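Report on one structure; see the data block that follows.
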Amino acid sequence: MAKKTPKAETHAFQAQVGRLLDIVANSFYSHKEIFLRELISNASDACDRLRYAALTAPELLDANADLKITLSINKNAKELTVTDNGIGMTHDELASDLGTIARSGTSEFMSHLSGDAAKDMSLIGQFGMGFYSAFMVADQVTVTSRKAGDDACWTWRSDGKGEFTLSPTDSGERGTAITLNLRKGDAEFLEPARLRTIVKTYSDHIALPIVLKDGDKEDTLNTASALWTRPKSEINSEQYTEFYRHVGHLGDEPWLVIHNHVEGKLEYRNLLFVPQSKPFDLFDAERKSRIKLYVRRVFITDDCQDLMPGYLRFLRGVVDSEDLPLNVSREMLQNNPLVAKLRSGLVKRVIGELRKKAEKDAEAYASFWRNFGSVLKEGIYEDFERRDELIGLARFSTTTSGDSFISLADYIGRMVEGQDSIFYISGEDTQSLRKSPQLEAFDARGVEVLLLADPVDEFWLPAVGEYEGKKFASVTQGGLDLGKIAKPEEKGEEEKSEASETPAGVNDLVALFKLTLKDAVKDVRTTERLTDSPVCLVAEEGDVDMHLSRLLKQHRRIEETATRILEINPTHPLITSLATRVGNEGASEELGDAAYLLLDQARIVEGESIPDPSAFARRLAGVMQKGLAV
C-alpha cells in the first residue's frame, strides 16, 4: 500500500499576532537593516544547538560538519535567502515557534511598547521576536527546514497578515533556509556592498563563516572567530556592543564590559556585560543566570545555574573554559568542583570591577545602583563569604542625600555626636518614607536615616546586624533612646526645661486612650520622637519590624500583624487640647472617638488598612459636624 503524502495545512496565527506583525512591519521603518542581524543571530544559535547535540550524537552532523551561514541573492526574483546548516526544525516546532510571537511573552511585549520606534526596536530580540523582523522588508516569508536526524522536510509560508501554511517538501539538507520576497523599495538588500556593510556592522562577532553567495561568487563577510578569544586591543566598542546585543538579546549598550583571559590551574575566558537598563525578566521568580557556557569554543548550555549566583543574574555574556571536558553534560555540571572554582573566579572578578567603577565614577555607579542595587543586595543575605565586599558596594538613599546615594562608610563618617547606631526606616518607597512621622525627632537632631524601600532589605539587615561596630536600628522600633543626641541649640535653658515637662492632663489622656483602645494597641505612651505630628505607631522592642510584618501578611506567611504601640506627642496642640478637655470634663464619647480617629490616622500614615472603615467615616463625620457647628 502506497504511503500517503501529508497535505498542506493552513493555520491562524496566535491571537494578537496580526497586530504585532503590523507593528513590527511598519513601526520600525528607519531601522530596516536590523532584520538581517536578527536572522543571522537565530542561524548562529541553531548551529550552536547542533554542535551541543552532536557531542552525544555525532551522527547528527552527517557529512555536513562545516557549519556556516549563507546569504543568497536572487535579483531577478527579488529574493534574499538566509540559510544555516544547524539543528533545523520539525513540523511541530515550525508551527509553535513561528506561529506565536514570543509565546507567553506576547502580552509582556505589548505592555512594553512605547511608541518610540528606536526604543521599541530594541525589544525585538529581547522578546524572541527576531524572526518577525523579516516582515519589515518582505511581503512574503518562506521557511524550509529539516531537523537534524529526521528525514521529513517542511515549508512554512506566510505574508504576515493572519495565516500561515505548512506543507511537506522534498527532503532538503539539514538546517533552515529563510527566503524573503522583498517589498518594492527594498532592493538595497540585494546589493552585495549593502549586505557586506550590514554584516560587518552587526554580525562580525559571529563565530561562524557568514558567506555571501551571488551567482557563482562566494565571499566570506565576517571575521568568523569567537569575539571573546580575540585580544582586547583588536576589538572596538561597536563590536562589543553588537556582541552584547547578540548574546544578551538586549537593545541598549553595555554599561560595563568585563573581558578577561585567566590562566593558571584553571584556564578560561569571559566576556561579560552589565546592561545599562533593566532586562524585562530581571525579577523573574526563577532568578536564572543568563550566561552562556562554552568549552573550547563549543557551546554547551545557557542554563548552568551553578555558574553565576542569582544576585548577579543581570549579567549577560559568555564564559569559555579550557579545562571542562568537551563532552560535559548539563547534569555533570551540577556540583562539579571545576564549575565551583570557575564561579568563584568570575564572581570575584565581577565584584572587583564593580568596586573599581564605584571608586572612579560615583555618578555612573549610581545609575547602575538604581537599576540593579535591589538585586545585588540579595547577595548580602545569601553570600556569607563575600558579604563584607557586597556591603561595601551597597548604596543608600537617606533623609539628607536628596537624589544621591551614599555608602555605609559615608554614613558613619556623617554620624552626629552621641550617635552610636545606624538608623533606618523601611517601607514601600523612599518618597513616602521621607514623610513618615517617625523621622521627626531624627530630623530635629540632624540625624541621617537610611531609607530602605526594597523587600530584600528586611532580610539582609537582621542577618548582618551591624557594620563597623555600629548596630542597625529601625526608627519604627520602640525603646529608642535619643537622649544622648543633643538637639541644635535653638532654645534657652529655661525654655528647654519647660518644654521637657509633660503638659498638664496628658497623663490622664494617655490613661483614657488605654482604656478606650484596649486590645487595639499594645500600649499608649508619650514620646520624644515626634515634633510635628500628634501620634504615630511603633513596634515594641523585640517585635518584627512593621514593614516586614506587612510584607509577611501580604504573602500569607502570617495571619495577623502584631498589635502596635501608639505614641503620643505631648506638645502637639491637638493633644494638649484633648488633655485640657479630659481635665475639665473627664471621659466622654467624643474623646473616645478622638482616640480611635488618631489611631486610624496613624495606621493610614503607615500605609496600613483601617480595620473598620465605616466606623472611621462615622467618627470623622461627627467631628466635622461639631467643628462646623461652632
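The values are calculated or read from the model by the stated rules, or taken from the named source; none is laboratory data. Note that the structure is predicted; figures quoted are calculated from it, not measured. Counting neighbours? That spans all protein chains shown, and the Cβs are built from the backbone with ideal geometry, glycine included. Heads up: the accessible areas ignore ligands, DNA and RNA and are worked out on the full protein's heavy atoms, side chains in. Shrake-Rupley method; radii C 1.70, N 1.55, O 1.52, S 1.80 Å.
Filtering segment 270-311 to residues that are in contact with a Gly (Cβ under 9 Å, 6 or more places away or on another chain), among the aromatic types (F, W, Y) and open to solvent by 30 Å² or more (accessible area, probe 1.4 Å) leaves only F280.
Is there a residue being surrounded by fewer than 18 Cβ atoms within 10 Å (Cβ to Cβ), modelled with pLDDT under 85, over 22 Å from F243 (Cβ atoms) and out of contact with any strand residue (DSSP E or B) (no Cβ under 9 Å at 6 or more places or on another chain) anywhere in segment 35-58? Among the residues of segment 35-58, at least one is surrounded by fewer than 18 Cβ atoms within 10 Å (Cβ to Cβ), modelled with pLDDT under 85, over 22 Å from F243 (Cβ atoms) and out of contact with any strand residue (DSSP E or B) (no Cβ under 9 Å at 6 or more places or on another chain), which makes the answer yes. When restricted to residues that are buried (at least 16 other Cβ atoms within 10 Å of the Cβ) and in contact with a helix residue (DSSP H, G or I) (Cβ under 8 Å, 6 or more places away or on another chain), segment 465-480 contains 5.
Here is a check on your reading of the model: is L512 at pLDDT 75 or above and in a strand (DSSP E or B)? In short, no. Residue count for segment 274-307, restricted to those that are farther than 27 Å from L208 by Cα and among the hydrophobic types (A, V, I, L, M, F, W, C): 4. Among the residues of segment 253-267, those that are in contact with an Asp or Glu (Cβ under 6 Å, 6 or more places away or on another chain) and over 23 Å from W369 (Cβ atoms) comprise L266, E267.
Filtered by the rule that a residue be within 39 Å of the chain's Cα centre (by Cα) and surrounded by 15 or more Cβ atoms within 10 Å (Cβ to Cβ), segment 164-180 gives F164, L166, R174, G175, T176, A177, I178, T179, L180.
I want to confirm something. Restricting to segment 605-625 and keeping residues that are of a type in the set (A, V, I, L, M, F, W, C) and within 29 Å of Q431 (Cα to Cα), which single residue is surrounded by the fewest Cβ atoms within 10 Å (Cβ to Cβ)? Result: A617. Does A134 satisfy being at pLDDT below 90, in contact with a Phe, Trp or Tyr (Cβ under 8 Å, 6 or more places away or on another chain) and surrounded by 21 or more Cβ atoms within 10 Å (Cβ to Cβ)? Yes.
Pairs linking a residue in segment 582-601 that is under 15 Å from L515 (Cα atoms) to a residue that is open to solvent by 40 Å² or more (accessible area, probe 1.4 Å) and of a type in the set (K, R), with Cβ atoms under 8 Å and 6 or more positions apart or on different chains, are S588/R581; E590/K626; L591/R581.
Tallying residues that are modelled with pLDDT of 90 or more and over 24 Å from E428 (Cα atoms) within segment 528-550 yields 0. The test for being open to solvent by less than 20 Å² (accessible area, probe 1.4 Å), at negative phi and not in a helix (DSSP H, G or I) holds for E567. Cβ-Cβ distances below 6 Å connect the following pairs, each with a first residue in segment 162-189 that is at positive phi, a second residue that is surrounded by 14 or more Cβ atoms within 10 Å (Cβ to Cβ) and modelled with pLDDT of 90 or more, and a separation of six or more residues or different chains: G175/D84; G175/N85; G175/G86; G175/G88.
Going by what's in this entry, would G105 be described as buried (at least 17 other Cβ atoms within 10 Å of the Cβ) and at pLDDT below 70? Yes, satisfied.
How many residues are more than 13 Å from D323 (Cβ to Cβ), open to solvent by less than 30 Å² (accessible area, probe 1.4 Å) and either in contact (Cβ under 8 Å) with a residue 40 or more places away in the chain or within 20 Å of the chain's Cα centre (by Cα) (or both) if we restrict to segment 338-356? Residues flagged as more than 13 Å from D323 (Cβ to Cβ), open to solvent by less than 30 Å² (accessible area, probe 1.4 Å) and either in contact (Cβ under 8 Å) with a residue 40 or more places away in the chain or within 20 Å of the chain's Cα centre (by Cα) (or both) within segment 338-356 amount to 5.
A residue that is in contact (Cβ under 8 Å) with a residue 40 or more places away in the chain, under 27 Å from V456 (Cβ atoms) and assigned to a helix (DSSP H, G or I) cannot be found anywhere in segment 233-243. Within the set of pairs 6+ apart or on separate chains, which have a first residue in segment 38-58 that is within 12 Å of V298 (Cβ to Cβ), a second that is in a helix (DSSP H, G or I), and C-beta atoms under 8 Å apart? Listed by first residue and then by second, the contacts come to L50/L60; L50/L61; A53/L60; A54/L60; A54/L61. Scanning segment 274-287 turns up no residue that is among the charged types (D, E, K, R), out of contact with any Lys or Arg (no Cβ under 7 Å at 6 or more places or on another chain) and more than 24 Å from G379 (Cα to Cα). Whenever a residue of segment 308-324 is among the aromatic types (F, W, Y), its partners that are open to solvent by 10 Å² or more (accessible area, probe 1.4 Å) and part of a helix (DSSP H, G or I), lying with C-beta atoms within less than 8 angstrom and at least six residues away or across chains, give the pairs Y311/E378; Y311/E382; F314/N371. The set of residues from segment 357-370 being surrounded by fewer than 18 Cβ atoms within 10 Å (Cβ to Cβ) and in contact (Cβ under 8 Å) with a residue 40 or more places away in the chain comprises K357, A364, S367. In the condition set (1) open to solvent by less than 10 Å² (accessible area, probe 1.4 Å); (2) under 25 Å from E385 (Cβ atoms), N335 is compliant with all but (1). Consider S577 against the criteria (1) open to solvent by 60 Å² or more (accessible area, probe 1.4 Å); (2) closer than 18 Å to L620 by Cα; (3) in contact (Cβ under 8 Å) with a residue 40 or more places away in the chain; (4) out of contact with any strand residue (DSSP E or B) (no Cβ under 8 Å at 6 or more places or on another chain): it satisfies all of them except one. Which criterion is unmet? With respect to (1) open to solvent by 60 Å² or more (accessible area, probe 1.4 Å); (2) closer than 18 Å to L620 by Cα; (3) in contact (Cβ under 8 Å) with a residue 40 or more places away in the chain; (4) out of contact with any strand residue (DSSP E or B) (no Cβ under 8 Å at 6 or more places or on another chain), S577 is out only on (3). For segment 318-400, the helices (runs of 4 or more DSSP H) that sit wholly inside it and include 3 or more residues that are farther than 21 Å from V257 by Cβ are 330-333, 337-360, 378-382, 387-393.
Only one entry in A595, A562 is at pLDDT 90 or above and out of contact with any Gly (no Cβ under 6 Å at 6 or more places or on another chain), namely A595.
Scanning segment 144-157 for residues that are in contact (Cβ under 8 Å) with a residue 60 or more places away in the chain and not hydrophobic (A, V, I, L, M, F, W, C) yields K147, G149, D150.
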